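Engineer: First the structure, which I've put down as structure tokens, then a few questions once you've had a look.
The values are calculated or read from the model by the stated rules, or taken from the named source; none is laboratory data. Note that the structure is a prediction, hence the values are computed from the model and not measured. Positions of Cβ are backbone-derived with ideal geometry, glycine not excepted, and every protein chain shown enters the neighbour counts. For accessibility, only protein heavy atoms count, side chains too; no ligands or nucleic acids. Shrake-Rupley method; radii C 1.70, N 1.55, O 1.52, S 1.80 Å.
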Amino acid sequence: QVQLVESGGGLVQTGGSLRLSCKASGMLFSIETMAWHRQSPGKQRELVAAITSSGIITYADSVQGRFTISRDNTKNTLYLQLNSLKPEDTAVYYCNSGWATPRKNYWGQGTQVTVSS
């Protein structure tokens, strides 16, 4: 079955960096549009960044210029580099496959990112 397993979250100070990873299995990773979403307490889940199978990338305005999404199809892994972190970036970050496509969507269990001020 399809599995998406995130890792790399943690506690970091304002201005710090983290790199999130999402290892996919049970799917043909290279053809999927992959995305990162996040959810803070009391807020709706929001799209952070997405990357299509052909490498077209979309970022939320709030992270443009600070976060970088990438993928390694040889490793079935999605990445999110988070730089210049702010307290408002604190959230659970989720990996998602199939975003904005007719294909079935799958979600990982999430990884917590906490940015202290």
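Engineer: Which whole-Hz couplings ³J(HN,Hα) result when phi for each residue of the range 13-26 is put into the Karplus expression 6.51 cos²θ - 1.76 cosθ + 1.60, θ = phi - 60°, listed in order with x for Gly and Pro?
Structural biologist: 7, 3, x, x, 9, 8, 10, 8, 10, 9, 8, 9, 8, x
Engineer: Give the calculated FRET efficiency between residue 39 and residue 74 to the nearest 0.05, with a Förster radius of 30 Å applied to their Cβ-Cβ distance.
Structural biologist: Here the calculated transfer efficiency is 0.50.
Engineer: What does the charge add up to near residue 89, with Lys and Arg as +1, Asp and Glu as -1, over the other residues with Cβ less than 10 Å from its Cβ?
Structural biologist: Residues near residue 89 contribute +2 overall.
Engineer: Let me ask another. Counting each pair of different Cα atoms once, what's the Kirkwood radius of the chain in Å, rounded to one decimal?
Structural biologist: 14.1
Engineer: Just add up the charged neighbours of residue 20: K/R +1, D/E -1, any other residue whose Cβ is under 15 Å from the Cβ of residue 20.
Structural biologist: Once all neighbours under 15 Å are counted, the net charge is +3.
Engineer: Also, quick follow-up: Residue 28 accessible area, nearest 10 Å², 1.4 Å probe?
Structural biologist: Accessible area of residue 28: about 110 Å².
Engineer: Before anything else, pin down the relative contact order of the range 5-58: Cα pairs under 8 Å, at least 6 apart, normalised by residue count, whole percent.
Structural biologist: 24
Engineer: Using θ = phi - 60° and the Karplus form 6.51 cos²θ - 1.76 cosθ + 1.60, what ³J(HN,Hα) does each residue of the range 87-97 get, whole Hz, x for Gly and Pro?
Structural biologist: Couplings: x, 6, 7, 4, 4, 8, 9, 10, 8, 9, 10 Hz.
Engineer: Counting alpha carbon pairs within less than 8 Å and at least 6 residues apart, what relative contact order, in whole percent, applies to the chain?
Structural biologist: Computed value for the chain: 36 percent relative contact order.
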